1. Name every residue in segment 196-254 that is more than 14 Å from the ligand (Cβ to nearest atom), in contact (Cβ under 8 Å) with a residue 12 or more places away in the chain and part of a loop (DSSP other than H, G, I, E, B), in order of residue number.
2. Those residues that are in a helix (DSSP H, G or I) and without any contact (Cβ under 8 Å) to a residue 24 or more places away in the chain, I need them from segment 15-36; list them, please.
3. Only residues that are under 26 Å from SER45 (Cα atoms) and either away from the ligand (no atom under 16 Å from the Cβ) or basic (Lys, Arg) (or both): list them for segment 155-182, please.
4. Just one of the numbered conditions (1) in contact (Cβ under 8 Å) with a residue 40 or more places away in the chain; (2) surrounded by fewer than 17 Cβ atoms within 10 Å (Cβ to Cβ); (3) on the phi < 0 side of the Ramachandran plot is not true of MET174; which one?
5. I'd like the full set of residues that are in a helix (DSSP H, G or I) and surrounded by fewer than 16 Cβ atoms within 10 Å (Cβ to Cβ), limited to segment 1-14.
6. So for segment 77-91 (the condition being of a type in the set (A, V, I, L, M) and closer than 30 Å to LYS182 by Cβ), does at least one residue qualify?
7. Quick check on segment 52-68. Is at least one of its residues near the ligand (Cβ under 8 Å from one of its atoms), surrounded by 15 or more Cβ atoms within 10 Å (Cβ to Cβ), part of a helix (DSSP H, G or I) and hydrophobic (A, V, I, L, M, F, W, C)?
8. List the helices (runs of 4 or more DSSP H) that sit entirely inside segment 262-309 and contain at least 2 residues that are of a type in the set (A, V, I, L, M, F, W, C), touching a Pro at 6+ places or on another chain (Cβ under 8 Å) and closer than 28 Å to LEU249 by Cβ.
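Throughout, read-outs are computed from the coordinates displayed, never taken from laboratory work. No experiment lies behind these values; they were computed from the predicted model shown. No Cβ is skipped: glycine too gets one built from the backbone with ideal geometry, and neighbour counts run over all protein chains shown.
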Amino acid sequence: MSETISKEQAFDQKLANGQVIEPKDWMPERYRNQLIRMMSQHAHSEVVGMLPEGNWITRAPSLERKLVLLAKVQDEAGHALYIYSATETLGVDRKELIDQLHEGKAKYSSIFNYPTLTWADMGAIGWLVDGAAIVNQTALAKCSYGPYSRAMIRICKEENFHNKQGYQILARMMQGTEVQKKMAQDAVNRWWWPSLMMFGPTDKDSPNSADLMKWKVKLHSNDDLRQRFIDRTVPQADAIGIKIPDPELKYNEKTRHYEFGQINWDEFYSVIRGNGPCNHERMKARTKAHKDGKWVREAVEAYAAKHFN
Ligand code: FAQ
C-alpha cells in the first residue's frame, strides 16, 4: 500500500534527494518569495552593472578594446534578460520588478555604486567584480531552482571571458610605464574592498541565509564564498605584481587560507541604503534610459500584436 505524503513533504524530499524544483512544482510561498527577491536583485544588478562600464565604451584606448568592452556590456544585458525570464516563471511580472527598481524599492549589488575613474577600472571590474560574480554564481548554478540554475550555467561561461579580459587589461598595464602601473594599482586599491562586500554581510549578520541554505538555493555561506574568492584572487595579483590593499592579508599555512583585514561594514550598509558615491547618479541614468526607451517597447508591442496574435 503506497503511503501518501503531503506536498510539503514531497518538496522536502525532492530537495533532500538533490532534485531540482521546476516552475509547475508545488513550493512553499516563502521559497517562492525569497527566490523572487534574490533573483530580481540579481537581474537588476546586471542592468545597473552596465552603467559603470558603459561609461568607458567611447573612451576605450583602441578599437579592439572598444569592441571587447561593447560585447561585455551587451552580455550583461543578456544576463539580465535570462534572469528576469527565470524570475517570471515564479509568477511575477517583469514590469512590476522593474518598477520596484526604479521606485527604489528593490536592491541591486552595492558594487555598482562606485565610480569608474580611469581605463584601469575596466580591468579591475572584469578581474575582481566578474571574478566575485563567478565564485558566487558557480555555486548558484547548482541551486535548487531549475530555471535559475540553468541561467547561471550560461552566465558563468560568459563571466569567465569577462574575468579574463579584465585580468589581461591589468596584466598589460603592469608591463607598461610607471604611470600605467600606478593607474592599475590605484584601480585595485579602490575596487578590492567593495568586491569583498559583494558577497553580502558576514554569516552572523545575514538574515536570509538560514532559509536559503535550508532550501539549497545557497549552497555556501557568504563568508565561505568570500574566502574562496580571496584565496583564488591573491595569487593572481602576485603573478602580475599588483599589491592587494590589505596590510593584514597573510597566508595561513595550517588552514591553507588567506587571513584578511576588517571589512568596513558601515560603508556597505550606507551604500545599500542608497548613500554610496553613485547611487543617485545610477538611478537617474536608469530611469532616464527607461523613459527614453518607451517608444521601443511600444513599437515591439505593436509589432507583436499585429504579427503574433
Ligand atoms: N549589495 O541576508 P543577506 C554581477 C542585502 S552580478 C546589495 O546575506 P542574501 C555581474 C540583501 O539583499 C552581482 N545588497 O542576503 C556583473 C539583503 O537585503 P534584503 C549580483 C546586498 O540574499 C559583473 C541584506 O543585504 N549578484 O556582478 C548585498 O542571503 C560586472 C542582507 O543580506 C547577485 O545578485 C550587496 N552586495 O545574500 C554585471 C547574485 N549583499 O533583500 C556587470 C545572487 C547583501 O533582505 C558587470 N545573489 N545585500 O532587503 C546572492 O547570491 C545573494 O543575494 C547575496 C546576498 C549573496 C548577494
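1. Of everything in segment 196-254, those that are more than 14 Å from the ligand (Cβ to nearest atom), in contact (Cβ under 8 Å) with a residue 12 or more places away in the chain and part of a loop (DSSP other than H, G, I, E, B) turn out to be GLY241, ILE242, LYS243, ILE244, PRO245, ASP246, PRO247, GLU248, LEU249.
2. Residues of segment 15-36 in a helix (DSSP H, G or I): 15-16, 29-36.
Within segment 15-36, ALA16, GLU29, ASN33 qualify.
3. Result: LYS157, LYS164.
4. So the condition that MET174 fails would be (2).
5. Quick first cut of segment 1-14, residues in a helix (DSSP H, G or I) only: 7-14.
Scanning segment 1-14 gives LYS7, GLU8, GLN9, ALA10, ASP12, GLN13.
6. Quick first cut of segment 77-91, residues of a type in the set (A, V, I, L, M) only: 77, 80-81, 83, 86, 90.
The next check asks that each one be closer than 30 Å to LYS182 by Cβ; those that pass are none.
Checking segment 77-91: not a single residue is of a type in the set (A, V, I, L, M) and closer than 30 Å to LYS182 by Cβ.
7. The answer is no; no qualifying residue exists.
8. Filter on segment 262-309 gives 265-270.
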